[in-house]
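Since the structure comes first, as structure tokens, the remarks are kept for the end.
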Ligand code: ADP
Ligand code: MG
């Protein structure tokens with residue numbers, strides 16, 4: 001089996017996995033899904049984690065975003081060790097600093113697009129007028145200004161995913177996570193979603209970490225990490241093929 005990489009750089013990482021391990025027990029079977037994984041995510045970049053279904057991408061994203069705890073190792077997000085936070089502090093951290101875009105959109109059927117985007121903002125404590133202004137701005141940014149009064153049932157898959165992105169974006173998070181954001185979409189809508197994520201990293205300086213097994217995304221990322229069987233196997237900038245010098249051994 002190929003050696004796992006320890007990806008690092010001289011730039012300040014926005015997010016670090018430090019020897020993250022995760023196992024699941026099902027009946028008498030104990031399977032390790034993440035094997036002491038080390039990873040630096042650079043600030044302001046769109047990083048793509050690619051890899052086959054079942055290799056641990058969603059589990060890794062859930063751990064890096066504080067949705068799930070690791071069994072061992074740590075996560076440093078914006079300089080904060082997540083395991084050092086209590087439940088309420090972690091919830092507050094996630095609300096203030098992170099946005100998450102899910103594969104299945106996770107929208108509330110009864111709410112209009114505008115209400116979906118406003119909801120976390122009012123949760124964050126923003127005054128009503130301010131929340132509304134920011135929500136409208138975000139929906140306009142993803143091209144949904146004219147559709148903001150519609151509910152999910154009246155929107156296409158691509159539009160629903162754009163509402164979900166606007167909802168995450170409106171919080172102005174430093175870290176934006178996206179789990180297979182294009183997998184429920186056709187090619188054209190998938191492309192639009194990727195262009196938006198790319199633009200968010202460029203124009204807002206947001207650190208975007210996207211996991212996907214969709215090979216079309218590779219050319220749109222600043223950096224691509226290939227994952228297999230709970231390990232990062234390669235780390236490269238899409239315009240250039242992986243090189244031996246980029247493939248460093250773990251620094252024990
Ligand atoms: P990917 O997103 O790359 O498809 P996942 O992270 O969803 O992979 O899953 C990796 C492995 O962990 C799979 O074998 C999956 O069945 C298993 N797994 C994920 N979540 C759980 C869970 N809550 N309980 C048991 N097994 C799980
Ligand atoms: Mg997954």
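The values are calculated or read from the model by the stated rules, or taken from the named source; none is laboratory data. Here the structure is a predicted model, which means the values were calculated and not measured. Positions of Cβ are generated from backbone atoms using ideal geometry, with glycine treated the same way; all protein chains shown enter the neighbour counts.
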Here are 95, 111, 119: which of them is part of a loop (DSSP other than H, G, I, E, B) and either touching a strand residue (DSSP E or B) at 6+ places or on another chain (Cβ under 8 Å) or surrounded by 15 or more Cβ atoms within 10 Å (Cβ to Cβ) (or both)? 111
How many residues, within the range 218-233, are at positive phi and in contact with a strand residue (DSSP E or B) (Cβ under 7 Å, 6 or more places away or on another chain)? 1
Of the residues that sit in the range 199-239 and are within 16 Å of ligand 2 (Cβ to nearest atom) and in a helix (DSSP H, G or I), which one is nearest to residue 31 (Cα to Cα)? 215
From 153, 164, residue being at pLDDT 95 or above and surrounded by fewer than 18 Cβ atoms within 10 Å (Cβ to Cβ): 153
Scan (1) in contact with a helix residue (DSSP H, G or I) (Cβ under 7 Å, 6 or more places away or on another chain); (2) at pLDDT below 95 for the single condition residue 187 breaks and write down its number. (1)
With respect to the numbered conditions (1) in contact with a helix residue (DSSP H, G or I) (Cβ under 9 Å, 6 or more places away or on another chain); (2) at pLDDT below 80; (3) on the phi > 0 side of the Ramachandran plot, which one is the sole condition not fulfilled by residue 252? (1)
Being surrounded by fewer than 18 Cβ atoms within 10 Å (Cβ to Cβ) and either modelled with pLDDT under 95 or in contact with a strand residue (DSSP E or B) (Cβ under 6 Å, 6 or more places away or on another chain) (or both) is the requirement here; does residue 84 meet it? yes
I'd like the full set of residues that are within 10 Å of the chain's Cα centre (by Cα) and within 16 Å of ligand 1 (Cβ to nearest atom), limited to the range 39-59. 47, 48, 49, 58
Hey, can you tell me all the residues within the range 203-245 that are closer than 24 Å to residue 161 by Cβ, surrounded by fewer than 19 Cβ atoms within 10 Å (Cβ to Cβ) and either at pLDDT below 90 or touching a helix residue (DSSP H, G or I) at 6+ places or on another chain (Cβ under 8 Å) (or both)? 204, 213, 214, 215, 216, 218, 219, 220, 222, 238
Considering (1) at pLDDT below 95; (2) farther than 13 Å from residue 15 by Cβ, say which one residue 107 fails and leave the rest. (1)
Return yes when residue 102 is touching a residue at least 12 places away in the same chain (Cβ under 8 Å), surrounded by fewer than 22 Cβ atoms within 10 Å (Cβ to Cβ) and within 16 Å of ligand 1 (Cβ to nearest atom) and no when it is not. yes
Quick check on the range 43-81: of everything there that is closer than 16 Å to residue 232 by Cβ and surrounded by fewer than 17 Cβ atoms within 10 Å (Cβ to Cβ), which residue is farthest from ligand 2 (Cβ to nearest atom)? 52
Given the options 116, 68, 96, 80, name the one that is more than 16 Å from ligand 1 (Cβ to nearest atom), without any contact (Cβ under 8 Å) to a residue 60 or more places away in the chain and more than 18 Å from residue 161 (Cα to Cα). 80
